[in-house]
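What follows is one structure encoded as structure tokens, with my remarks underneath.
The values are calculated or read from the model by the stated rules, or taken from the named source; none is laboratory data. Treat the numbers as computed from the prediction; the structure is a model and nothing was measured. Backbone-built Cβ (ideal geometry, glycine too); neighbour counts: all protein chains shown.
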Amino acid sequence: MGTEGTISVDAFGQNLILYNNEAKAPGWENYSSAMGGGLVADFIRCCAENRPVPIPGEDGLKAMEVALLAYESAAKGEPVYRK
């Protein structure tokens, strides 16, 4: 949710719904499960052009840490905090 709209992603259905305040109507977008190819191609372009990658590895690490804490919280049945 943001100040200009909302996006809802259904990872299993491979689609997203975008509610845009300007359009005043929802929009649907489908995407393929083969998104990895585009990510790899962009990574190769970044290396070839000596430019930074748009999504650094540290972002993936933080996302993994959040997911692991969520699993731990579910197993314990209580909130857990990063040490």
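So that you can scan it fast, the table gives a plain yes or no per residue for (1) more than 14 Å from the chain's Cα centre (by Cα); (2) part of a loop (DSSP other than H, G, I, E, B); (3) at pLDDT 85 or above:
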{"residue": "2", "(1), (2), (3)": "yes, yes, no"}
{"residue": "22", "(1), (2), (3)": "yes, yes, no"}
{"residue": "27", "(1), (2), (3)": "yes, no, no"}
{"residue": "37", "(1), (2), (3)": "yes, no, no"}
{"residue": "68", "(1), (2), (3)": "yes, no, yes"}
{"residue": "72", "(1), (2), (3)": "yes, no, yes"}
{"residue": "81", "(1), (2), (3)": "yes, yes, yes"}
- From (1) at pLDDT below 85; (2) exposed (fewer than 10 other Cβ atoms within 10 Å of the Cβ), pick out the condition that doesn't hold for residue 18. (2)
